[in-house]
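The values are calculated or read from the model by the stated rules, or taken from the named source; none is laboratory data. Just so we're clear, the structure is a prediction, and the values are computed from it rather than from any experiment. Backbone-built Cβ (ideal geometry, glycine too); neighbour counts: all protein chains shown.
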Amino acid sequence: MQTPTVDQDNIVTIDGPTGSGKSTVGKLLAGRIGFTYLDTGAMYRVVALETMRRGINPDDSAALSSLCATITIAFKHNDGMRVYSGDCDVTDAIRTPEISMLASRVSAEKCVRSELVRMQRDCGRQGRIVVDGRDAGTVIFPYARFKFYLDAQAEVRSQRRYKELIEKKQKVAYSKVHEELVQRDRDDCSRALAPLKPAAAAIIIDTTAMTIEEVVQELLAIIDARALQCHK
Ligand code: DC
């Protein structure tokens, strides 16, 4: 469990399924309140990418464990946020549908989760952070002052994800995107370890009919109402 040495008062967690808007909202919110943004999903994606690149069997826990012990994941801010595995910029490589599915699969492994949760808690040690993921409020920072859970209808989330992939010039069929999203939802919600669910006391927001800006405004209003001392 989380130790009290972490400044939980200045932590915002945003959990939710694919396409709920949490990453876009998380990034914007962090920028507006002057906090760092941590995309924990990107970390599982890096593990998945390295699993694939190194030809590791995703069912081989020992191999995944040694991969996680040696991997270096970094976020650098130049021209938007870039994700690095060691010295290699993997920002685009981790966003393919294949890596999405593999990330969901390796994220069910205990050794992967415990190593990444350790890294994520390290990132949040100083507070002033917005953390997005599946277990940010349930496991990584259960005592965070602000816990949100974003959701939306599966059809709408699939449309958002499809649009995102098309904008990145990926060749995908909508039906496949929807099918994989439903499967990933099922896997992420039903796994034994840290399944996706709203954290205790999380504020649940249905973003189905909302714009990104409306969601950001709603979160800001809730944070302001609770008088967070943030620097704008
Ligand atoms: O948020 P995302 O789509 O980038 O996440 C990719 C996968 O990683 C997701 O299907 C489940 C896993 N994940 C997780 O298990 N825990 C997190 N905190 C973030 C992501």
Odd one out for residue 11 among (1) touching a Phe, Trp or Tyr at 6+ places or on another chain (Cβ under 9 Å); (2) within 13 Å of the ligand (Cβ to nearest atom): (2)
Check 219, 181 and return the single one that is away from the ligand (no atom under 16 Å from the Cβ) and in contact (Cβ under 8 Å) with a residue 24 or more places away in the chain. 219
Any residue that is of a type in the set (A, V, I, L, M), out of contact with any Gly (no Cβ under 7 Å at 6 or more places or on another chain), in a helix (DSSP H, G or I) and closer than 18 Å to residue 130 by Cβ - is there at least one of those in the range 74-90? no
If residue 130 satisfies all but one of (1) among the β-branched types (Val, Ile, Thr); (2) crowded, with 20+ Cβ neighbours inside 10 Å; (3) not in a strand (DSSP E or B), what's the number of the condition it fails? (3)
Taking the range 111-136 and the residues there that are among the small types (Gly, Ala, Ser) and within 11 Å of the chain's Cα centre (by Cα), the one that is farthest from the ligand (Cβ to nearest atom) would be 136
Tally of residues being modelled with pLDDT under 95 and among the β-branched types (Val, Ile, Thr) across the range 111-149: 0
